[in-house]
Amino acid sequence: MKLVEKTVSIAAPPSVVYALLTQADLLIEWMAPIASLDPRPGGEVSWTHQNGDTVSGQFVELVPDRRVVFTYGWERTDVGVPPGSTVVEIDLRPTPTGTELRLVHRGLEGPMADAHTGGWANYLTRLATRAAGVDPGPDPLAAGRVPARAELGMASARQSSQDLEELPDE
């Protein structure tokens, strides 16, 4: 498994960034046009991009203005990242000019981690823009679909587990 790691400086205080990450009416301003968030441990995390692809999971940990952790996955089965199967950790650190946001996405396989790296780069830029009080404009990824495992040259998750079962015992 590979990690996706991104750090971004945001010209807004941690309280503003935290709200943009945990309030559905604010998440839709930078991430996706449909969102449902229940910001408590075990609460729902779900958003649907303009192309119809939906992320879903649950909040794991919330520390106001400091940390947001949630499980993450796609409802489209061909993506091969089932809902709740990976973990996103977001830490917020106050700085003299605003906030340093560090995101770590755990549990993605190589090519899928690479695909998510580009997505997170886009959406964290949009978050930083919105947090600074500026409309991020149209989402450049709005029309694109999340790549399926097959498009990335990856075996299906089912095939991968079957291959592991067929390995000889040592």
Among 134-142, 69-77, 32-40, how do they line up from the highest to the lowest mean number of other beta-carbon atoms within 10 Å?
69-77, 32-40, 134-142
To the nearest 20 Debye, how big is the dipole of region 28-163 about its Cα centre, given +1 on the beta carbon of each Lys and Arg and -1 on that of each Asp and Glu?
160
As a test question: what accessible area, to the nearest 10 Å², does M154 have when a 1.4 Å probe is rolled over all protein chains in place?
30
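Where the accessible area of region 1-157 is counted over protein heavy atoms with a 1.4 Å probe, how much of it, in %, is carbon and sulfur?
Details: 3950 of 7240 Å².
On region 1-157, the fraction of accessible area on carbon and sulfur atoms equals 55 percent.
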Which order do you get for R102, R145 if you rank them by accessible area with a 1.4 Å probe, largest at the top?
R145, R102
So if I take the centroid of the Cα atoms in region 1-33 and the same for region 59-134, what is the distance between those two points in Å?
7
Using a probe radius of 1.4 Å on heavy atoms only, what accessible surface per residue do you get for region 14-169? Whole Å² is fine.
49
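The values are calculated or read from the model by the stated rules, or taken from the named source; none is laboratory data. Every value quoted in this text rests on a predicted model; they were computed, and no experiment measured them. As a convention, Cβ positions derive from the backbone with ideal geometry for all residues, glycine included, and neighbour counts pool all protein chains shown. Heads up: the accessible areas ignore ligands, DNA and RNA and are worked out on the full protein's heavy atoms, side chains in. Shrake-Rupley method; radii C 1.70, N 1.55, O 1.52, S 1.80 Å.
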